[in-house]
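All of the numbers you see were taken from the coordinates with simple rules; none came from a lab. Note that the structure is a prediction, hence the values are computed from the model and not measured. In this analysis, Cβ positions are derived from the backbone assuming ideal geometry, glycine residues included, and neighbour counts consider all displayed protein chains.
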Amino acid sequence: SSGINAEWPLRPGENVIRHEVRHFNKLLDEIQQGMKTLALCLQGDEAMSATIDQMYQSILDNKLPRPWKEYSTTGNKPLAHWIETLANRITFMQYWIDLNIEGTVSHQLFSLQYSELVQERDEKEPVPFTDVLKMSSAYQKTIKGQVERIPRSFWLTGLFFPQGLLTAVLQTHSRIHGTPIDSLTFKHSVYSLPKQKEEEDKTRAQNAGLTPAMWTYPGPDVPESGILIHGLYLDGGRWDGANVVEALPGKQITALPEIHFQPTQVVDERGEYECPMYRTSDRCGSLDQTGHSDNFITSIHLATEHTAEHWVTRGLAIICQTDD
């Protein structure tokens, strides 16, 4: 791949996009150069260095090569799953970018791809295109007279620096309402659990070729303020539709519904647990040059009938991706 295209006029979310695109393109360049060199070495046209040899052995062992890991986010997935996740992340980012580029609206491109998929499927149970749009990250939201277009719901796993997205949401709210940004925080509202029909729709959509980067739980339209986040998991508990409760036997990790991150100046934390959110189940990491952890992202307030000490003892946390 030649990288992600992010040529567009100045817009409020540009800094987040450009920061992410720079990281993606550095990673893609590293992969491309490494594979070109490896191909030359295997053909006998170039001597194999220790670095290329280690990369080759990692690929054979289905492990992430060290040079790629330096440009990537933390994760314990095998190489095959890591590559699949990377492709989904690129799809998500390109859809977000295309929403803001004249003539390349994401849902138009997706419509063509979906039409081709439907022709190959059984016409008895097609997924209605309107339902697919609701499940798609390409579903558009317009802010303040088409200032910018953003995905219906954000997939934090797709980002290198999700803290930047959350900060940008607070900055946008601050500018629109004239509120000091240092007085803002997030109120978190967990949406309803998907119904049986919605689960069936999700399964049919996945069978039709949709990836986690393209869909989210079907539900109401995007709220006027804040953003929706999907693709999160509870580690050490489960969501019963209203509160965090004990995990079922044998089910340590369970999926969370969409969560609404709404900027606010006042948060009532009574009856809530401030649950830490991490990229991976490791729950550990190191500080980068900006002072942020490369694993811890933020905390989310979840309704609960138990005390905070109870969930600290249980080790409850939210993670963005599983080890499966």
message: As an exercise, identify the GluC sites (Glu not before Pro) in region 221-287 lying in DSSP coil whose Cβ has no more than 10 other Cβ atoms within 10 Å.
response: Glu224, Glu269
field: Placed amide H near Thr298: partners under 5 Å, 5+ positions off or other chain
entry: Met277
task: Rounding to the nearest 20 debye, state how big the charge dipole of region 251-324 is about its Cα centre with +1 on each Lys and Arg Cβ and -1 on each Asp and Glu Cβ.
output: 100
- prompt: Going highest first, how would you order 76-82, 41-47 by mean Cβ packing within 10 Å?
  reply: 76-82, 41-47
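Please pull out the direction-averaged projected area of region 34-78, using the convex hull of its alpha-carbon atoms, in nm² to one decimal place. Mind showing how you got there, number by number?
Working: hull surface 12.7 nm².
In nm², the orientation-averaged hull projection of region 34-78 is 3.2.
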- request: Along Cα→Cβ, 7 Å out, is where each label goes; now give me the distance between the ones at Glu70 and Tyr56 in nm to one decimal.
  value: 2.0
- request: Any of Lys26/Lys77; Lys36/Lys63; Lys26/Lys187; Lys36/Lys77 with alpha carbons more than 30 Å apart? Name them for me.
  value: Lys26/Lys187
query: Pulled fully out, how much extra length does the chain show between Asp240 and Thr179, if you take 0.36 nm times their separation in residues and subtract their Cα-Cα distance?
result: 18.5 nm
